[in-house]
Amino acid sequence: MSYFPFYFDIEGMKAVVVGGGHIACGKVDKLLPYGPKITVVAPFISDQMRAFNAYEQKITIVERGFEWKDIEDAGLVISATNNNELNHEISVYCKEHKIPVNVVDRVADCSFIFPALVKKGMLSIGITTEGASPRASVYFKDRINEIIPDNIEAILEYLYSIRPIVRDSISPETERANFYHLVFDRVMADGKAIPEDEFQEMVSSFVKNLESRADKTGSEFNW
C-alpha cells in the first residue's frame with residue numbers, strides 16, 4: 001500500500017459515521033474542524049457522541065440500526081461498529097459505488113485512512129506510517145506541535161491577507177515567491193504581522209530593486 005496525502009475540501013460534504021461508540025467519537029472529533037455535515041447512525045449512542053451534538057450542533061444523530069439508504073448519497077463513510085461483517089459489507093458497497101470509506105482497524109477495507117492530525121487555523125498537517133506504527137505518527141505529531149508558534153493562526157491569516165497585494169504588485173511569479181519568502185521569514189522572526197507602513201515599504205523597495213536590475217540588464221545590450 002502507498003497512501004498519497006491528498007487534501008480534499010470536505011466542508012458541507014455529507015459524512016456518514018456508522019457507529020456511536022468511543023472509536024466513532026474519535027473520528028467525528030477529527031472531522032468536525034473541517035466542516036462536513038456529519039450523520040451518525042447507530043442503535044446505541046454514547047454520552048460522548050451526544051455531547052458533540054449538544055455543544056457543537058454540527059452532527060445529526062440517527063438512533064437506530066444501519067440501513068443501506070443511509071450512505072447512498074454520502075461523500076465519505078466511516079464504519080466504526082463492533083460488527084466486523086457489517087463493516088466489511090459497508091466497505092464493499094462503498095468501493096463499488098466510488099464512495100471514500102474508512103473502516104476502523106481494518107486497513108484492507110479502507111480506501112482512505114486517518115492520519116495523526118495537526119490542525120491550527122489554516123495549518124493542517126497529516127502524518128501516517130501506513131498502519132506500521134500509529135504510535136510513531138503520534139510521536140511526530142507531538143514533535144511538530146512543539147515547534148509551531150502559539151499564534152500561527154494569526155500569522156497565517158495575515159500572510160493570506162497580503163497575497164492579493166503581492167500578486168498585483170510583483171511579477172513574475174518567481175519574484176513573487178522570493179518576496180513571500182522574505183515576508184515569511186520576517187513574520188516568523190518577529191512572531192507577528194508586519195506593520196502596514198513597513199510592509200508597503202518592503203513592497204516598494206522590492207519592486208524598485210527589480211526595476212533597477214532590469215534596467216542594468218537591458219543596458220548591457222544597448223550598444
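The values are calculated or read from the model by the stated rules, or taken from the named source; none is laboratory data. All values derive from a computational prediction rather than experimental measurement. Because the Cβ atoms are built from the backbone with ideal geometry, glycine has one as well, and the counts that use them run over all protein chains shown.
Looking for something surrounded by 12 or more Cβ atoms within 10 Å (Cβ to Cβ), in contact (Cβ under 8 Å) with a residue 12 or more places away in the chain and among the acidic types (Asp, Glu) - is there at least one such residue anywhere in segment 82-100? There is no residue in segment 82-100 that is surrounded by 12 or more Cβ atoms within 10 Å (Cβ to Cβ), in contact (Cβ under 8 Å) with a residue 12 or more places away in the chain and among the acidic types (Asp, Glu). Selection of segment 110-157 for residues being free of Cβ contacts under 8 Å to residues at least 24 places away in the same chain and under 30 Å from Glu72 (Cβ atoms) yields Cys110, Ser111. In the set (1) modelled with pLDDT under 95; (2) closer than 18 Å to Ile78 by Cβ, Val101 fails one condition alone, (1). Checking each residue of segment 96-105 against the condition of being touching an Asp or Glu at 6+ places or on another chain (Cβ under 7 Å) and among the polar types (S, T, N, Q) gives no match. Taking the conditions (1) more than 25 Å from Ser2 (Cβ to Cβ); (2) aromatic (Phe, Trp, Tyr); (3) modelled with pLDDT of 95 or more in turn, Tyr93 satisfies each one other than (1). The residues of segment 112-132 that are of a type in the set (D, E, K, R) and buried (at least 16 other Cβ atoms within 10 Å of the Cβ) amount to a single one, Lys120. Screening Ile23 with (1) touching a residue at least 24 places away in the same chain (Cβ under 8 Å); (2) surrounded by fewer than 18 Cβ atoms within 10 Å (Cβ to Cβ); (3) over 24 Å from the mean Cα position of the chain (by Cα); (4) within 19 Å of Asp105 (Cα to Cα) gives one miss only, at (3). Counting only residues that are under 14 Å from Ile125 (Cα atoms) and exposed (fewer than 12 other Cβ atoms within 10 Å of the Cβ), how many does segment 139-167 have? Number satisfying all stated conditions: 5.
Considering only residues in segment 1-20 that are in contact (Cβ under 8 Å) with a residue 40 or more places away in the chain and in contact with a helix residue (DSSP H, G or I) (Cβ under 8 Å, 6 or more places away or on another chain), the one that is farthest from Glu85 (Cα to Cα) turns out to be Ile10. Counted as qualifying within segment 1-108 are the helices (runs of 4 or more DSSP H) with 2 or more residues that are under 22 Å from Gly131 (Cα atoms), namely 22-31, 84-96.
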